[in-house]
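Remarks on the structure that follows.
The values are calculated or read from the model by the stated rules, or taken from the named source; none is laboratory data. Predicted model only: the values in this text are computed from it and were never measured. Here the Cβ positions follow ideal geometry from the backbone for every residue, glycine too, while neighbour counts run over all protein chains shown. Each accessible area value is taken on the protein alone, full model and side chains, heavy atoms only, with ligands, DNA and RNA left out. Shrake-Rupley method; radii C 1.70, N 1.55, O 1.52, S 1.80 Å.
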Amino acid sequence: ISLSTIGASVAYGLYINDSETTTVTQSMISGGDTGVYFSDCKLNTISLSTVTGIGSYGFYGNGAKFNRIMQSYLTGGVDGVNLDVGSNENMVSQSTMVGVAGSGYVVTDAGQNTLTQSYAAGSVDGATVSSGDDNVIDLSTMIGSTHGFYVFGGNSNMVSRSYMWGGSNGAYADSGSVLNTISLSTMISSAVDAAALVLYGGSSNTIVDSY
């Protein structure tokens, strides 16, 4: 799919199920609910495109693996990019993600995903990892009205060389978060009565060479 405009007033702009090696490039895709929905598919690519989901998500993946989003702009009524259950080993790079009512970038019950050289902003969190393991965020900016980066029940996730700004907390590691690492990064809270970094109810998390 190249140099195309795809739109739907309801449901999805583009829905791909159980498919491989589809490429979307230099296109504009919008959906009444979700811009692009990948379900149980792998090795697909979105590049140089604008993706909009008015009701829920710019991009939503469920059981989506080994997919790539590059040099694209994704915005959703809730989240910009949402990698849900079983969406493993995907990569988002050099992209902007905006969540109007939620988070810019969300990983839930999924692992080994990479966000790099990207900007994620949301009215709740910039980036959220919930019960996800071994995910990596590198060279990225995360801006949220509540948290820049928020992890809940996630293990062995890594944030490096990144900037996190939150209306409440720059970074927040919540209950059940174990063996996560933040390195070479900056965490900022804009609230006078809140912390730039919060570690709550987790264990063995590491903060190194950071501000």
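Selection of the stretch 95-112 for residues being in contact with a Gly (Cβ under 8 Å, 6 or more places away or on another chain), over 15 Å from VAL129 (Cβ atoms) and of a type in the set (Gly, Ala, Ser) yields only ALA101. The set of residues from the stretch 56-75 being in a strand (DSSP E or B), open to solvent by less than 10 Å² (accessible area, probe 1.4 Å) and either polar (S, T, N, Q) or within 12 Å of SER30 (Cα to Cα) (or both) comprises GLY58, PHE59, LEU74.
Put simply, of ILE182, ILE137 the only residue that is over 24 Å from GLY35 (Cβ atoms), buried (at least 24 other Cβ atoms within 10 Å of the Cβ) and β-branched (Val, Ile, Thr) is ILE182.
Restricting VAL92, VAL78 to residues that are crowded, with 22+ Cβ neighbours inside 10 Å, free of Cβ contacts under 8 Å to residues at least 40 places away in the same chain, under 19 Å from ASP133 (Cα atoms) and of a type outside the set (S, T, N, Q) narrows the list to VAL92. Hey, does the stretch 117-127 have a residue that's at pLDDT 95 or above, of a type in the set (Ser, Thr, Tyr), within 28 Å of VAL36 (Cα to Cα) and assigned to a loop (DSSP other than H, G, I, E, B)? Looking through the stretch 117-127, at least one residue is at pLDDT 95 or above, of a type in the set (Ser, Thr, Tyr), within 28 Å of VAL36 (Cα to Cα) and assigned to a loop (DSSP other than H, G, I, E, B). Taken over the stretch 144-162, the criterion of being within 14 Å of ALA196 (Cβ to Cβ) and outside any loop (DSSP other than H, G, I, E, B) is satisfied by GLY144, HIS147, GLY148, PHE149, TYR150, VAL159.
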